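Only one structure is covered here, and it is reproduced in the block below.
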Amino acid sequence: MAGNLGGGPGRLQSVRSSSPAESAAQPGPGQDLNRHLPALRSALLQQRRFRIEQLADLRTASPDDPAQEEVVETLRRGARIALGGIEAALARIDRGAYGTCVQCAAPIPVERLEILPAVDLCMTCQRPTP
């Protein structure tokens, strides 16, 4: 089984420039996303590879007791859900809809996408309603 069955790779350290002069002249939200799109796509592809490998490792896992089998099945389910979100994000990139909340159509900040490249909701829609 893979050693890292948790969050996996894909978190971008930083794709923004750190130059104060460049920060002052930042383009608008859509242009900013376009500038970061290659790195975000790359992160999603890396995450997809990780999840596919993780599922392959979990397919060969054969726990001896029911409690371990339950854990392995939970990991499989989580990996399939994560892979589905990654595939959906890649499809949104292909359609030109990436970076837009699927619920309210608001732009999702690049900083949020850098942390969670497969995210499909803005922070407002992500928050649970009381």
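What follows is calculated from the coordinates using simple rules that are stated; it is not laboratory data. Everything numeric here is computed off the predicted structure, so don't read it as measured data. Reconstructed Cβ throughout: ideal geometry from the backbone, glycine too, with neighbour counts over all protein chains shown.
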Where in segment 70-103 does the label zone of residue 34 land, with the point 7 angstrom along Cα→C-beta and an amide N cut-off under 20 Å?
90-101
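Out of every Cα pair in segment 28-126, what percent are spaced more than 16 Å from each other?
Values: 2883 of 4851 pairs.
Considering segment 28-126, 59 percent of its Cα-Cα pairs are separated by more than 16 Å.
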